């Protein structure tokens with residue numbers, strides 16, 4: 001059991017390391033950075049509705065939690081089960097709220113905001129929220145190796161010889177709220 005001292009450090013003298021991430025269809029882009037930063041607490045934002053426990057989103061969320069616990073038994077995972085991770089305003093409010101709550105409880109902790117996975121709305125909101133709170137560390141990880149072998153790319157990402165990508169059809173554009181941020 002880890003105990004915090006008066007300054008918010010772990011009794012070993014190390015600061016708490018908090019990571020915030022969004023899980024949709026990635027696992028490694030969340031678990032590898034959590035291990036790299038030796039996160040003591042991970043806030044996972046996801047959109048797996050309790051009503052649909054058999055959905056693919058729960059598979060990814062469960063796998064992330066399992067990998068984190070396997071690599072670090074003492075890690076604390078905080079589940080933020082949102083209805084819509086594609087709602088920019090909700091993601092901004094959520095990420096900023098998490099950062100503010102963590103700073104309120106422990107002003108000396110390190111907070112890492114992962115924008116490598118999740119929706120584009122989450123990534124944009126998380127980037128803005130992290131820039132509103134000095135000392136928050138915004139990061140992204142690139143892919144070193146893809147799951148789809150190079151010889152299968154045309155099979156998965158092409159239709160009738162034309163590149164399509166991961167998305168077949170889209171919904172109507174969703175205008176994002178805009179916020180003024182002072183230039184440095």
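Which entry is the computed Kirkwood radius over Cα pairs in Å for this structure: [x] 18.0; [y] 21.6; [z] 16.7?
Checked against the structure: label [x].
I'd like the orientation of helix 56-71 relative to the chain: the angle between its Cα long axis and the longest Cα principal axis, in ° from 0 to 90, rounded to 10.
40
Specify the angular offset, from 0 to 90 degrees and rounded to the nearest 10, of the alpha carbon long axis of helix 88-105 from the longest principal axis of the alpha carbons in the chain.
It is inclined by approximately 20 degrees.
For the ranges 55-64, 107-116, 75-84, what's the packing order if you count other beta-carbon atoms within 10 Å of each residue, average per peptide, and put the highest first?
Ranked by mean Cβ neighbours within 10 Å, highest first: 107-116, 55-64, 75-84.
Sum -39500 (n - 2.57) across every DSSP H segment of at least 4 residues in the chain, then divide by the residue count to get the 222 nm mean residue ellipticity, nearest 500.
-10500 deg cm²/dmol
What does the highest-first list of 155-165, 171-181 look like by mean Cβ count within 10 Å?
Per-residue mean Cβ counts within 10 Å order the peptides as 155-165, 171-181.
Can you compute the modelled spin-label distance between residue 154 and residue 62, with each label point 7 Å from Cα toward Cβ, in nm?
In this crude spin-label approximation the distance works out to 3.8 nm.
To the nearest 10 degrees, how steeply does helix 120-132 sit against the main Cα axis of the chain, on a 0 to 90 scale?
The answer is roughly 30 degrees.
Computed from the coordinates by the stated procedures, all read-outs in this text should not be read as laboratory data. Quick caveat: nothing in here was measured; it's all calculated off a predicted structure. Positions of Cβ are generated from backbone atoms using ideal geometry, with glycine treated the same way; all protein chains shown enter the neighbour counts.
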